[in-house]
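The structure appears below as structure tokens.
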Amino acid sequence: MSPRAHLVPAALAVWATALAGLLWTWWAALAVGLTAAVLGGLALRSWRPAAVAVAVASPVAALWIGAQVHGAAHHPLRAAAERGTTATVHFELDDRPRGLRTSGFGSRASGVDLVVVRATVEGGGRIAVLAPAARWRDLLPGQRVTARGTLAPPQGGELTVAVLRVRGPPRDVTEAPVWQRIAEDLRAGLRGASTALDPEPAGLLPALVVGDTSKLSPRVVEEFRTAGLAHVLVVSGANLAILCGAVLLLLRLFRVGPRGCAVAAMAALVGFVVLAGPEPSVLRAAVMGAVALLALVLGRERSALPALAAAVVVLVLYDPELATQPGFGLSVVATAALVLLAPRWAAAMKDRGVPVGFAEALAVPLAANLATAPLVAGISGQVSLVAVLANLLVAPVVAPATVLGVLAAVLAQVYEPAARLAVEVAGPAASWLITVGRHASAVPGAAVGWPSGWAGGALLAGVLVLGYAVTRLRRIRTVVVAVAVGAVVVVVPVSVISPGWPASGWSVVACDVGQGDAVVLATAERDRAVLVDTGPDPVPVLSCLRRLGVRRIPLVVLSHLHADHVGGLAAVLADRGVGAVAVGPSRQPEWAWEEVRERARTAGVRVVELDAGQRLSWPGLDLDVLGPRTDPADGTKTNTAVNDASLVLRASTAAGRVLLTGDIELAGQADLLGGHVDLRADVLKVPHHGSRYSSPAFLTAVRPRIALVSVGAGNRYGHPSGVLVDALTRHGALVLRTDRDGDTAVLAGPHGPRVARRGGDPSDHGQGENDEEQRRLDPTALGLGAAGRQPGGGLGAVAARLHRRTVATRRTAAGLHVLRVRGPAWWRPGHRGPGHRHRRHPDGTGARRRHRLPADLRRPVRRRPRHTAGGMARRALQPGEGETPVAPDADRLAGRHRTSRTARPAGAGRVPSNRLAALLQDRAVTADRPVTAAPPDLPGPGR
């Protein structure tokens, strides 16, 4: 064994001991540690230094880690947490509060509502505090706090004894240590100076330098994740190496000796750890740097591998939780790859004639990405195929941007104009990073799905090891290379150049945007479509538009101004050519209305209001505005009133009529029924994500063949309602849900509309980097709130599956699930719907002969007996979040609903139909935002 590797077995033994204790129990740590000491000592007898290291480190780790795990499991707060006790706790903060980003829904805007912070209680024991962001986000490590809240059990795999859910402000807050206050001033100075840049680079620079992502947009985070650049957004050992390297280079220019350089570099190292915070990768790099600097002072040989092994031993003993943290594992594995693999690969490429600089620049990202690929796949469930190239392109600008960012943070404390100058110099580097991430993530097939979890990581690791072993055998190397090239030649054209999605000839697509709405209506031009609503977040709707190849959007219609319908507007305006933004009569909530106006003004796009009775036309698409037929009355700030003021549109497409209903509930549906509006449609976008507040009379009036439910997986609102799903299936509709089917397209077919489903992909939702943390600390999951019954998983879901087998013919084309939909119930033979009396045709196909299906598509329809649980509720039901109980009697609501118009709110321009066409102009798009108007060839005049 090489002398450089003597500490490696000890590091692995300590790490395994910590994993056993945290993932199982305290006695597992004892067993693994003591077993490693015995077996390691016997196996490594010929390498005495390694055997001694294992024999010493393993028992120490077993006793130390086992004692900590046992203490956490039997802590008094753990028992109180199991009972859900409310308690007053005194504790000291261990790190800075970290925001949890949530998607908006209803009148609640998206953003950071909660923070989570780690703390140590008086008398020992770690807790996680979940608290309101507004009152807790400015606290600093080292401050002592008193708070009262509800205790809940933590998840496994850590030493946390309880989670404290706090609803009020912190009390009895002490002053933070002076070094923490200085560090916060430096971070605030960097954030302030970064405002000299555009918003996206201004948010990226603090993330690049100190890991502060508070001002970074979710879109950039998702693009960097897809491109394999997510490590740039978290402070890591690379930042530390860059800073210490800059300090050493500066001191060498002044001819400072080795010991003086080491002392100055150590001061920079400690200062950066305080500035950035105790992140796992920073701690690993700090210990490695300290070992290397100590060797420099002592005049000993400096080697990275012993320093890495020593860092693992020291840090896992100091904080056993690091053993289970993905950031620590990624940091260690990447560093090991840079130490062991990158030099050999660079030397091999140089021997084959590759230039020295290019060989080293290519070997570093290649080694790091291949080594960490199993961990990344296990964590994220995907593998980036563009990561190596993206990292190669951004590598030259990371170091100067980091150094200039640190310099700006220091200068901001002395002279702010100088700090802003440093930021402006770093601006092009930050912009280049965003450009590379955006274009790399937009490459078709940039990231491919992979099984997540331990099994997925192990599978990819096995594939990589097997591939490496096979390529070492010269006899079959040529065969392996030929097979790989052949696979690429076959797979790439099928999955990238000619992908299965979008389905050819699509007319309507319900985008999978999570718990929100976004519907795309195709025109006769390939890259041009109308967008109705933009979902709760920017990433999903942009991904959907990109997959569909839509570049020009003559009109973005916002059915109403709730956050789950307008959250992606800013990104759509910046990334696509938009002609105009259309809204309905409601201006609530006020924050959303102001945001829509500001975003449109920034993009140079006009906001217009649509009225019932208007018609808009494009080649291949007509759009009729059916409602609301009344202006919102007083008290429209309630969520239900805003929902009922949604724009209701009927689109005439090649696939048939499509009814887009926004979030209208019972009163809005009664308004349409009372106005004798023709609501018949082939496709229904189900109101309010499948809420229970849809009347039987409304569904009977629409009689859809296909019902599209835009809903988020695992939502807390119980959408879609099982009662509603049953009602739709009884009306003969094929119910499709974006949480299960993903992006869902409706196509024209010879015998009626067909459906193509892309398939669900949770990674497309882009909810932020702390989704897992949010789910783990969710109040309902913690038992802090009553988890209501979630309809849709019982009778409704079973009925939907049975009904699909009865009324649909499944076909597969180009990797898509394509379904040919039978006629609605009122077209089926022998059906006697209300108000429909017709004579049967002599051949038994019903009165409407033109809708007769071919013999090979006819299937018997088994009638189910009536069941009280299958009908629509005829009473006021328990409301979901943001809903209020209302009487579901549609006729009675229609009778008492207001029909007069009130004064119109100011804001959106009210334009006659014959002048609206001139406003809906596509905008040509440059790199990031629309700048010029295209020729006025868009919608024709209303008629």
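None of the figures in this text is laboratory data; all of them are computed from the coordinates on show. Predicted model only: the values in this text are computed from it and were never measured. With ideal geometry, Cβ positions are generated from the backbone for all residues, glycine too; neighbour counts draw on all protein chains shown.
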List the relative contact order of segment 506-631 as a percent without decimals, with contacts defined as Cα pairs under 8 Å and 6+ residues apart.
20 percent
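With all pairs of different alpha carbon atoms counted, what Kirkwood hydrodynamic radius in Å does segment 3-73 show?
Working: mean 1/r = 0.0856 Å⁻¹.
When all Cα pairs of segment 3-73 are included, the Kirkwood radius is 11.7 Å.
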Give me the number: length gained by fully extending Thr195 to Ala87, i.e. 0.36 nm times residue separation minus the C-alpha to C-alpha distance, one decimal in nm.
34.7 nm
Show me 145-158, 233-246 ranked by packing, highest mean number of other Cβ atoms within 10 Å first.
233-246, 145-158
Extension length gain for Lys637 and Thr35 (0.36 nm per residue less Cα distance), in nm, is 210.1 nm
Output wanted: per-residue J couplings in Hz (rounded whole) for segment 136-150, from phi through Karplus 6.51 cos²θ - 1.76 cosθ + 1.60, θ = phi - 60°, x for Gly and Pro.
10, 5, 8, 6, 10, x, x, 7, 8, 9, 10, 8, 10, x, 9
Relative packing of peptides 453-466, 393-406 - highest average C-beta neighbours within 10 Å first
393-406, 453-466
With unit charges on the beta carbon (Lys/Arg positive, Asp/Glu negative), name the residue among Leu621, Leu561, Val539 whose Cα is farthest towards the positive pole of the charge dipole of segment 527-621.
Leu621
Sorted by chain and number, the residues with a modelled amide H under 5 Å from that of Asp113, at a separation of 5 or more or across chains, are Leu100, Thr102
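Take every Cα pair under 8 Å in segment 3-73 that's 6+ residues apart, average their separations, divide by the length, and report that relative contact order as a whole percent.
Answer for segment 3-73 is 42 percent.
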Given points 7 Å out from each Cα along the Cα-Cβ axis, report the Glu416 to Asp138 separation in nanometres with one decimal.
1.7 nm
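Which value, in debye to the nearest 20, describes the size of the charge dipole of segment 539-605 about its Cα centre when Lys and Arg Cβ atoms bear +1, Asp and Glu Cβ atoms bear -1, and nothing else is charged? It would help to have the intermediate numbers written out before the result.
Numbers: 9 positive and 6 negative charges, 81 e Å.
Roughly 380 debye for segment 539-605.
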Once Asp185 and Ala73 are pulled to full extension, the length gained, defined as 0.36 nm per residue separation minus their Cα-Cα distance, is 36.5 nm
Phi angles of segment 694-703, converted by Karplus (6.51 cos²θ - 1.76 cosθ + 1.60, θ = phi - 60°) into ³J(HN,Hα) in whole Hz with x for Gly and Pro, give 10, 8, x, 4, 5, 5, 5, 5, 7, 6
If amide hydrogens are placed 1.01 Å from N in the peptide plane, which non-local residues have theirs closer than 5 Å to the one on Ala582?
Val556, Val557, Leu558, Val608
Table column - 3J(HN,Hα) (Hz), segment 168-180, Karplus curve with 6.51, -1.76, 1.60, x for Gly and Pro:
x, x, x, 10, 6, 7, 8, 7, 6, x, 4, 5, 6
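Over segment 76-176, what relative contact order in percent results from Cα pairs under 8 Å that are six or more residues apart?
Values: 244 pairs, mean separation 32.4, N = 101.
32 percent.
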